[in-house]
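Asks: One structure coming up, written as structure tokens, with questions to follow.
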Protein chains: 2
Amino acid sequence: MSNCLVTGGAGFVGSHLVEELANNGNNVVVLDNFSNGHMKNLSSLHDSNIYRWDVQICHEIDFKHRGKDIIFDQIYHLATAPRSSSLVNPFQDIETNCKGMIAVLELARKHNAKVVFTSNSGIAYNNPKASGSIHEFAPNNPTTPYDTDKLASEYYCKIYHNIYGVKSCIVRFATVYGERQVVNEALNWRPLVATFVKNVMNHEGVIINGDGEQTRDLIYVKDAVQGVVKAMESDVNNADIFLLSTNTETSVNKVYSTVAKTIGHFTPIDYTEPLPGDIKRMRYSYEKAHKTFGFEPKYTLNDGIERMIKFLRAQTEYTNS
Amino acid sequence: MSNCLVTGGAGFVGSHLVEELANNGNNVVVLDNFSNGHMKNLSSLHDSNIYRWDVQICHEIDFKHRGKDIIFDQIYHLATAPRSSSLVNPFQDIETNCKGMIAVLELARKHNAKVVFTSNSGIAYNNPKASGSIHEFAPNNPTTPYDTDKLASEYYCKIYHNIYGVKSCIVRFATVYGERQVVNEALNWRPLVATFVKNVMNHEGVIINGDGEQTRDLIYVKDAVQGVVKAMESDVNNADIFLLSTNTETSVNKVYSTVAKTIGHFTPIDYTEPLPGDIKRMRYSYEKAHKTFGFEPKYTLNDGIERMIKFLRAQTEYTNS
């Protein structure tokens, strides 16, 4: 049994990870400012294990369990400001992503904990004309402040390892989707699959930025969680970087049609200007994560979308009954 | 005549740049929080041209000249938190260096001004065992939060150019020295040459971190200013990066003996542990800056150190008379 801290634990990926860690018998503490997290995602957790603070002050918090200081063994750092709002509010992105990472590393240093940091696969250069997969060694090409701040955070991990010996492992997620992922207009957070599912289920049209032929490597949330836990359990401690992905690319248009087919009806598509800094092609190799700690995605896009829709329909029936 | 803003203009390099720009007939405005700047460095400037604010809010300041808004043509962004304190206070480093850069780019966007950003040559990987010069294309290898934040700032420049068309040119300074450079213990700011000069002139011993065989590429402040002005006048607008250096490396031990010889006496040396993240070898090629906008350093290390000591002796005589 480990003492685990999950930053951003009330959010989408975070809450799935919390469930997994708790199911495995660990003592799980969540830190979340609830800007995009929800208490209802943490129904399995006791209130005293939930800390409502910004991540960038986490090194100053006294974490207690029944009046005694908790010493964390594992820190899963998932709290983030979203890519979609980083051009609108680059200062907030720096605050949450850069300062948040330093705070987590300072906390890990104090607790002698290992950190798994969920970074961003969009950092890597992707050539829209090339085919084949992108690897961890692709040159860096951040196209938004978010990408830049995630890259800076990766460097902070390396520096804290080299100078202070803080153990960490970095995972770069492809595009994660699944149950509980929400659209948050206030944060400009409109995850692709969740937005399509929400709109089509509500019989509303969808907006596609650009021609919809840009591709995504879509990883189901339970696969992402599997990778994060394996990264923590691995003996990688030197801030090395691993892509967690499916090595499969799907166009945004194809994602829409898969969602619409699964739900059973189609709604209108409004094609607009491409987003600034948008990523054209996403297909990431997970070979390194597979070889190093046995990561292997289990769910196809069809599986994942079916599970999401089943979950939402069950919720709706429950709400309506 | 241009309207020029110099952030960090009350500091060491900044004040030399302000002098040069004012001598060339430009309208010069200084923004400085005076954490390491001094009013006495700005004797040539009217008080109404000096704004005492943190750089990270510069995009929110109403800059006025005789009651009318100033529209800047040129922004020289020199304000920085020092490398030496970035491990002690990485949060402040992010605040000043990352947020400061975004604020400058937002200001440039509003004014349609060109930015010259003074970055950091320490970003580049330097192999202690290799000989030869380091170029702009050397792989990135930030070893402190400061390096990381300067690298992030370079990426912000590129992103603001790609997305908003903000014009910028990035220069990476080698180790700058010269008159008015000060030791600031509160900021852990102990520039190599200035510290040696101060201690030896005061008949005090010096501390050398490590064995003193680590090398520096030392550029005299007037050469650095020459490069910055040429970068601004060039037609480089796409956030391209240029090293401003001398392509000459000098060991820390040799710097000490040059200072002591020029002053005329030697004081004891106390060798201590190497600093974390310290740079082992510095010899940077300025070929790209030379070819692109005619940069060429004019002062040798002996010239520069002699000028510094002459300046300090004149000051001391003035103070004592």
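The values are calculated or read from the model by the stated rules, or taken from the named source; none is laboratory data. Everything numeric here is computed off the predicted structure, so don't read it as measured data. Here the Cβ is made from the backbone with ideal geometry for all residues, glycine too, and neighbour counts use every protein chain on show.
Asks: In this structure, does A:Ile207 turn out to be out of contact with any Gly (no Cβ under 8 Å at 6 or more places or on another chain), surrounded by 22 or more Cβ atoms within 10 Å (Cβ to Cβ), closer than 29 Å to A:Glu273 by Cβ and away from chain B (no Cβ under 14 Å)?
Replies: Judged against the criteria, A:Ile207 is not a match.
Asks: Quick one: B:Ala108 ticks every box in (1) part of a loop (DSSP other than H, G, I, E, B); (2) small (Gly, Ala, Ser); (3) buried (at least 24 other Cβ atoms within 10 Å of the Cβ) except a single one, so which number is it?
Replies: (1)
Asks: Looking at A:Leu218, A:Leu192 in this structure, which one is in contact with a strand residue (DSSP E or B) (Cβ under 7 Å, 6 or more places away or on another chain) and buried (at least 21 other Cβ atoms within 10 Å of the Cβ)?
Replies: On inspection, the qualifying residue turns out to be A:Leu218.
Asks: Looking only at the range B:29-75, which residues are aliphatic (A, V, I, L, M) and either in contact with a helix residue (DSSP H, G or I) (Cβ under 7 Å, 6 or more places away or on another chain) or in contact (Cβ under 8 Å) with a residue 60 or more places away in the chain (or both)?
Replies: B:Val29, B:Val30, B:Leu31, B:Leu42, B:Leu45, B:Ile50, B:Val55, B:Ile57, B:Ile70, B:Ile71, B:Ile75
Asks: Then there's this: Go through (1) out of contact with any strand residue (DSSP E or B) (no Cβ under 8 Å at 6 or more places or on another chain); (2) within 13 Å of chain B (Cβ to nearest Cβ) one by one and return the number of the condition A:Ala130 breaks.
Replies: Failing condition for A:Ala130: (2).
Asks: Additional query: Of all the residues that make up the range B:124-180, how many are in contact (Cβ under 8 Å) with a residue 24 or more places away in the chain, closer than 26 Å to A:Leu275 by Cα, crowded, with 18+ Cβ neighbours inside 10 Å and among the aromatic types (Phe, Trp, Tyr)?
Replies: Adding up the residues that qualify gives 2.
Asks: Regarding the range B:139-160, can at least one residue be identified that is under 21 Å from B:Lys288 (Cα atoms), within 13 Å of chain A (Cβ to nearest Cβ) and in a loop (DSSP other than H, G, I, E, B)?
Replies: Yes, there is a match, as at least one residue in the range B:139-160 is under 21 Å from B:Lys288 (Cα atoms), within 13 Å of chain A (Cβ to nearest Cβ) and in a loop (DSSP other than H, G, I, E, B).
Asks: Looking at A:Glu60, is it acidic (Asp, Glu), modelled with pLDDT under 95 and surrounded by fewer than 22 Cβ atoms within 10 Å (Cβ to Cβ)?
Replies: The answer is no for A:Glu60.
Asks: Now, a different point. Any residue at all in the range A:166-182 that's assigned to a helix (DSSP H, G or I) and out of contact with any strand residue (DSSP E or B) (no Cβ under 9 Å at 6 or more places or on another chain)?
Replies: Scanning the range A:166-182 turns up no residue that is assigned to a helix (DSSP H, G or I) and out of contact with any strand residue (DSSP E or B) (no Cβ under 9 Å at 6 or more places or on another chain).
Asks: Let me ask something else. Quick one: in the range A:64-75, of everything that is touching a His at 6+ places or on another chain (Cβ under 9 Å) and not charged (D, E, K, R), which residue is surrounded by the most Cβ atoms within 10 Å (Cβ to Cβ)?
Replies: In this case the residue turns out to be A:Ile75.
Asks: Just to check your reading of the model, which residue among A:Lys310, A:Lys288, A:Lys280, A:Lys298 is without any contact (Cβ under 8 Å) to a residue 12 or more places away in the chain, of a type in the set (D, E, K, R) and at negative phi?
Replies: Of A:Lys310, A:Lys288, A:Lys280, A:Lys298, the one residue that is without any contact (Cβ under 8 Å) to a residue 12 or more places away in the chain, of a type in the set (D, E, K, R) and at negative phi is A:Lys310.
Asks: Still on this structure, I have one more. For the range A:76-92: of the residues being crowded, with 24+ Cβ neighbours inside 10 Å and over 15 Å from the mean Cα position of the chain (by Cα), which is farthest from the other protein chains (Cβ to nearest Cβ)?
Replies: So the residue we want is A:Ser86.
Asks: Out of (1) closer than 20 Å to A:Lys150 by Cα; (2) of a type outside the set (D, E, K, R); (3) not in a helix (DSSP H, G or I), the odd one out for A:Gln92 is which?
Replies: Only one criterion is unmet by A:Gln92, namely (3).
Asks: Still on this model: Name every residue in the range B:96-118 that is small (Gly, Ala, Ser) and either more than 12 Å from chain A (Cβ to nearest Cβ) or more than 19 Å from A:Val88 (Cα to Cα) (or both), in order of residue number.
Replies: Scanning the range B:96-118 gives B:Ala108, B:Ala113.
Asks: As an exercise: evaluate B:Ile71 against (1) within 14 Å of another protein chain (Cβ to nearest Cβ); (2) modelled with pLDDT of 95 or more; (3) assigned to a loop (DSSP other than H, G, I, E, B) and give the number of the one condition it does not meet.
Replies: Checking B:Ile71 against (1) within 14 Å of another protein chain (Cβ to nearest Cβ); (2) modelled with pLDDT of 95 or more; (3) assigned to a loop (DSSP other than H, G, I, E, B), the one that fails is (1).
Asks: Among the residues of the range B:1-50, count how many are in a loop (DSSP other than H, G, I, E, B), crowded, with 24+ Cβ neighbours inside 10 Å and among the aliphatic types (A, V, I, L, M).
Replies: Going through the range B:1-50 one residue at a time, the tally reaches 1.
Asks: Within the range A:115-136, which residues are part of a loop (DSSP other than H, G, I, E, B) and modelled with pLDDT under 90?
Replies: A:Tyr125, A:Asn126, A:Asn127, A:Pro128, A:Lys129, A:Ala130, A:Ser131, A:Gly132
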